[in-house]
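Participant: One structure, pasted below without further comment.
Every number in this text was worked out from the coordinates using simple rules, so none of it is lab data. Remember, predicted model here, so these are calculated numbers, not experimental data. So basically every Cβ, Gly included, is an ideal-geometry build from the backbone, and we count neighbours across all protein chains shown.
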Amino acid sequence: MDFAYILSRAVAQGLPLLYGSNGEILNEKSGNLNLGIPGIMISGGVAGIVGALIYENSVAEPNGVVGLIVSLLCSVVCSLVLSLIYCFLTVTLRANQNVTGLAITIFGSGLGNFYGGAISTILGISNNSIPATAAAYKAPLVPFYDKLGAIGTIFFSHGFMFYLALIIAFVSWFVLKKTRTGLSLRAVGENPATADAAGISVTKYKYVATCLGGIIAGLGGLYYAVDYSNGLWDTQSFGDRGWLAVALVIFVVWKPNLAVLGAFLFGGLYIAEIFVPGLTSATKELFKMLPYLVTIVILISTSLMKKKENQPPESLGLPYFREER
Amino acid sequence: MKVKAAKEPLVRIAKRTDISTGLSYGIRAASVVLALLACGIVVMLLTSGKISFLEVYTEMLEGAFGTARRVKITVRDTCALLCLAVALAPAFKMRFWNIGAEGQALVGALASCIVVKLMPDMNGALLILIMFIASVAAGALWGIIPGFFKAAIKANETLFTLMMNYVAIQLVKFFAVLWEKQKGAGVMSTLTTGKLPQLFGVDYGWSIVIILVVTVLSYIYMKYSKQGYEIAVVGESENTARYIGINVKKVIIRTMAISGALCGLAGFLLVSGTHHLVKSDIVGGNGFTAIIVAWLAHLNPLIMMLTSFFVSFLDIGTAKIASTCNLNDFASDVVVGIALFIILASEFFINYKVIFTKSGKKAKEGK
C-alpha cells in the first residue's frame, strides 16, 4: 500500500485532535479543566454544516468561499456560546468544573447530533449536501502538491485548515511561552491567588482563554464535519475523538508545539488497525485501545518523575474565589 | 499624595456561612421549576412549535407514566442511573474525581458475561452468585488502579479515570466481536443463562430492589460509619486527616475500591437483570450523567433518588415527544443539558450571596 497515502490519512485524522487538544490546552492553562470540549467539538462542527447548508440552499449558484466563511462563522459562534455558558457557570458562578463540563458535553453532543442527524428534515429541505463549501475546504493550497512526491502527498494535499491548525499551534506555543500575556495566563492557572495579588484579572484571563480554546476546539469539529466527512454528518462516526483530544493534552504534557506531533501520532494510531497486517476484526478493537493506554503510561510517568514543567497546572479544576483562604 | 478612590463595584459577592434549610430548599425548588419551564420552551423550539407549551408537559407525563409498562421503565432507568450515582458518592465526598463510572460499570458487565460464557452448563443461584462476585471484583479493580496511582504518586485522577473508560469500552468491543452472533455484526447474542428471576412481573424487578437497598446502606455508611467519617475528613483536608491519624492512602484506595465495586454491581445488574448481553453502549453515558446526578444531590444518596428521577423523567419524556414528532432521540440530551445548566447555576445562590452596593455611597460595614 502507498505509504505516503497512509501518512497523509494519519495527518487528516490527527487534525481534529490537534484543534481539540490545542483548545483544551488553553483551557487548562487558565486552570479550567473543560470536559465540555467533546461536546463543543461536535456542536461546532454541525453548526458549520447547518450554516453552509442554509446558504447553499438559499442561492442558485452557491459560491464555495462564501459557504466557507458562513460555516466558519456559524461554528465560531456556536463554540463561543457554549464556552461562555461554561465560563459563566464555572468562573462567575463558581460551579464545579467537572460537573459543568460534562453537562456541556451532554448538551453540546445532543445539540450537534440532534441537528446533524436529521438536518434536512428539520430545515425542511430535500438537499442535504454542501458540495461547493466542502470543495472550498478541501482545495489544496499548494495546487502542484502531487509534483512534490511523498512530502507533497503527506503534508500539502490538505485544505487550508491544515495550515490554520499549524499556525494556531505555533501562535499558542509562542504566546504561552514567550509573551507577558502567556506568563500571566500560566500564573492564573498555577496559582490564581498569586496572580490576583500581582494585579492580573483572573476572571478576564479565564474567560478569554476558555472562549478562545473553545473556538479552536470547535474548529476541530468543523474540519471533521465539512472537510473530512464532506459535510455529511453521521451521529455515530465522530465517536471518541473529543475525549482523545483531551487525552492528547496529557500525552503532550500541555505543550501546543508537541501537540502537532502528538496529534499526527494519535491520528496514525487511530487508523493503524486498517493497515497493520494480521489483525482480526476483534483484535482491531484492542488496537484502538492504544492511544488511551499510552496516555495512561504518560500520565503515570510524568507523575513519577515530578518534573515541574510537565505537571498539570496547579489549580486545574479548582474554582477561584478571592475571599477564600 | 493623592489616592484615587477605587470605583466601588455595583455588586459584591460573599460566601454564605449560614443558610436556613428553608431558603436553600426554596432556591432548589425554584430552580427545578425554572428548569422545567425552560425545558418546555426548548422542546417547543426543537419541534419547531409542532406542540404547544402545555402539551410538552402532558406528553412528558404520558411518556413517563402513561401505561403500567412505561412506569416500570421509568423506575428501571431511574434506578440504573441511581446505582451509578450512589457508587460515585463516596469517591466525590473524598474529593476524588472519579469520572470513570462508565468504564467501571462496563468491566463489571463484561465480567458477568465472561462468567456465563465460561460456564455454559451452569445455571441457577450459584451462577448468579459467581457473576455477582466477578462483576464487583472487576469494577473494584478498575477503581483501585487509578486510586492506587493517586495515593502513591498523586497521578491526576480525573484524567486517569477518564482514560480507563475508553480502555474498558475497547475491551468490551473486543469481546463483543469475539462473541458476535453474525460475522461483522459486532453484537453478541443474548445470554440464555445467568438471568435474575422475575419480580413484579419484570426481569429487572430484583435490580430495583437491590439498588434501593444499596442506596440506603450507602447513606448509612457515609453518614454513620467510621469509614464514612474518614472519607469526609480526607475530602475536607488531607492534612487534618493525617494529623488525626488517618491513613490517607489506605482510605483513598479503599474508597475507590468501594466506588468501583458499586459501579461493577451496576454492570452486573444491567447484564443479569436487563440486557442479558454486553455491548459498548450498555451503560449509555449514564456513567457521566451520574456524576451530575450525584453532585446535584450534594452527594446524599437519598436525595439522589430525586435527582436521578428528575433526569430520567426529562430524558424519557423528551424521547416520547421526539418520537411523536418524528425527531431523533438526541433531543433528550439537549433538554437534560439545559435543565442541568439552570440547576447548576442555582447552586451559586445557595453557596454565595450577592450584595448590591449603592453606587456613590460607601458601604457601611461594621466588622
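Participant: So for the pair B:Gln227, B:Ser48, with labels modelled 7 Å out along Cα→Cβ, what separation do we get in nm?
Facilitator: Calculated label separation equals 5.6 nm.
Participant: Enter the angle in degrees (range 0 to 90, nearest 10) between the Cα long axis of helix B:205-224 and the first principal axis of the Cα atoms of chain B, meaning the one along which they spread out most.
Facilitator: In chain B, helix B:205-224 runs at an angle near 40 degrees to the longest axis.
Participant: Now, a different point. When chain B is treated as a GNM, springs tying every alpha-carbon pair under 10 Å, which of B:Thr193, B:Thr74, B:Thr21 comes out with the largest mean-square fluctuation?
Facilitator: B:Thr21
Participant: So, R0 is 41 Å and r is the distance between the beta-carbons of B:Arg16 and B:Glu62; what FRET efficiency does that work out to, to 0.05? Please list the in-between numbers first.
Facilitator: On the way: r = 40 Å, r/R0 = 0.98.
In this case the efficiency is close to 0.55.
Participant: Would you give the gap between the C-alpha center of region A:96-123 and the C-alpha center of region A:34-85, rounded to a whole Å?
Facilitator: Cα centroid to Cα centroid, the span is 14 Å.
Participant: Report, by chain and number, residues whose modeled amide H sits under 5 Å from the one on B:Tyr352, excluding near sequence neighbours (fewer than 5 apart, same chain).
Facilitator: For B:Tyr352, whose amide H was placed from the backbone, the distant partners under 5 Å are B:Arg16.
Participant: Another one. For region A:302-312, just list the computed ³J(HN,Hα) in residue order, Karplus coefficients 6.51, -1.76 and 1.60, θ = phi - 60°, integers in Hz, with x standing in for Gly and Pro.
Facilitator: 5, 5, 5, 6, 6, 6, 4, 6, 9, 8, x
Participant: I'd like the FRET efficiency for A:Glu273 and B:Ile133, computed as 1/(1 + (r/R0)^6) with the beta carbon distance as r and R0 of 22 Å, rounded to 0.05.
Facilitator: Values: r = 34 Å, r/R0 = 1.55.
The value I calculate is 0.05.
Participant: Can you report the principal axis dimensions of chain A using only the alpha carbons, biggest first, rounded to whole angstrom?
Facilitator: 60, 47, 39
Participant: Using unit Cβ charges (K, R positive; D, E negative) and no other charged atoms, how large, in debye to the nearest 20, is the dipole of region A:3-310 about its Cα centre? Before the final figure, lay out the partial values.
Facilitator: Numbers: 18 positive and 13 negative charges, 200 e Å.
Dipole magnitude for region A:3-310 comes out near 960 debye.
Participant: I'd like the distance separating the alpha-carbon centroids of region A:133-173 and region B:231-292, in whole Å.
Facilitator: About 45 Å separates the Cα centre of region A:133-173 from the one of region B:231-292.
Participant: Which residue, B:Ile355, B:Ile291, B:Ile19, tops the fluctuation ranking in a GNM of chain B built on C-alpha contacts under 10 Å?
Facilitator: In this elastic network of chain B, the residue with the biggest mean-square fluctuation among B:Ile355, B:Ile291, B:Ile19 is B:Ile355.
Participant: Treat every Asp and Glu Cβ in the protein assembly as shown as -1 and every Lys and Arg Cβ as +1, leave all other atoms uncharged, and give the resulting dipole magnitude about the Cα centre to the nearest 20 debye.
Facilitator: 2440
Participant: Same structure, new question: Across the residues of B:341-350, average count of Cβ atoms on other protein chains within 10 Å?
Facilitator: That average works out to 4.
Participant: Out of region B:109-207, which trypsin sites (Lys or Arg not before Pro) are coil in DSSP terms and have no more than 12 other C-beta atoms within 10 Å?
Facilitator: Qualifying residues, ordered by number: B:Lys154, B:Lys181, B:Lys183.
Participant: Would you please state the base-10 log of I(q)/I(0) at q = 0.16, 0.31 1/Å for region B:300-352, with intensities from the Debye formula using one equal scatterer on every alpha carbon?
Facilitator: Evaluating at q = 0.16, 0.31 Å⁻¹ gives log10 I(q)/I(0) of -0.55, -1.10.
Participant: At B:Val354 and A:Asp146, where each label point lies 7 Å from the Cα along Cα→Cβ, what is the point-to-point distance in nanometres?
Facilitator: 6.1
Participant: Now, a different point. Which FRET efficiency, nearest 0.05, do B:Leu23 and B:Leu199 yield, Cβ-Cβ r, R0 41 Å?
Facilitator: Details: r = 41 Å, r/R0 = 1.01.
With a Förster radius of 41 Å, E is 0.50.
Participant: Using a/c under 1.5 as the rounded threshold, could you call chain B rounded, prolate or oblate? The axes a ≥ b ≥ c are square roots of the C-alpha gyration tensor eigenvalues, and prolate needs a/b larger than b/c, oblate otherwise.
Facilitator: On the way: a/c = 2.20, a/b = 1.35, b/c = 1.63.
Taking the square roots of the gyration eigenvalues as a ≥ b ≥ c, chain B is oblate.
Participant: What is the angle, in °, between the Cα long axis of helix A:64-87 and the longest principal axis of the Cα atoms in chain A? Nearest 10 is fine, range 0 to 90.
Facilitator: That helix lies at roughly 30 degrees to the long axis.
Participant: Please go through the residue pairs A:Lys138/A:Lys177; A:Lys284/B:Lys250; A:Lys29/A:Lys307; B:Lys93/B:Lys353 and name each one whose alpha carbons sit more than 28 Å apart in this structure.
Facilitator: Details: A:Lys138/A:Lys177 32 Å; A:Lys284/B:Lys250 38 Å; A:Lys29/A:Lys307 17 Å; B:Lys93/B:Lys353 24 Å.
Listed pairs above 28 Å: A:Lys138/A:Lys177; A:Lys284/B:Lys250.
Participant: Separate question: About the Cα centre of chain B, what is the dipole size in debye to 20, counting +1 per Lys and Arg Cβ and -1 per Asp and Glu Cβ, all else neutral?
Facilitator: Values: 35 positive and 20 negative charges, 338 e Å.
Dipole magnitude for chain B comes out near 1620 debye.
Participant: Before rounding to the nearest 500, sum -39500 (n - 2.57) across all DSSP H runs of length at least 4 in chain A and divide by the residue total; then give [θ] at 222 nm in deg cm²/dmol.
Facilitator: Numbers: 15 runs with 225 residues, N = 325.
Only helices count here, giving -22500 deg cm²/dmol.
Participant: How large is the Kirkwood hydrodynamic radius of the protein assembly as shown, counting all unique pairs of alpha carbons, in Å? Let's see the in-between values first.
Facilitator: Working: mean 1/r = 0.0378 Å⁻¹.
Averaging 1/r across every pair of different Cα atoms and inverting gives 26.4 Å.
Participant: Given H placed 1.01 Å from N in the peptide plane, which residues other than close sequence neighbours of B:Ile13 have an amide H under 5 Å from its amide H?
Facilitator: Amide H to amide H, under 5 Å and 5 or more residues apart or across chains, B:Ile13 pairs with B:Ile355.
Participant: Now for a separate question. Using modelled backbone amide H atoms (1.01 Å from N, in-plane), which distant-in-sequence or interchain residues come within less than 5 Å of B:Ala297's amide H?
Facilitator: Here nothing satisfies the definition.
Participant: Return the single residue from B:Leu34, B:Leu82, B:Leu296 with maximal mean-square fluctuation; model: Gaussian network over chain B, springs between Cα atoms under 10 Å.
Facilitator: Evaluated over chain B, the most mobile residue of the options is B:Leu34.
Participant: Okay, next question. Could you derive backbone 3J(HN,Hα) for region A:248-253 from the dihedral phi with the Karplus parameters 6.51, -1.76 and 1.60 (θ = phi - 60°), listing whole Hz in sequence and x where the residue is Gly or Pro?
Facilitator: Values, residue by residue: 4, 4, 5, 4, 9, 6 Hz.
Participant: Taking 8 Å as the Cα distance limit and 6 or more residues as the minimum spacing, I'd like the relative contact order of chain A as a percentage. Could the numbers behind the result be given before it?
Facilitator: Working: 570 pairs, mean separation 118.4, N = 325.
Reported relative contact order: 36 percent.
Participant: Right, here's the next one. Apply the Karplus curve 6.51 cos²θ - 1.76 cosθ + 1.60, θ = phi - 60°, to the phi angles in region B:284-298 and return the couplings in whole Hz, x for Gly and Pro.
Facilitator: Calculated HN-Hα couplings, in order: x, x, 4, x, 7, 4, 4, 4, 5, 4, 5, 5, 5, 8, 6 Hz.
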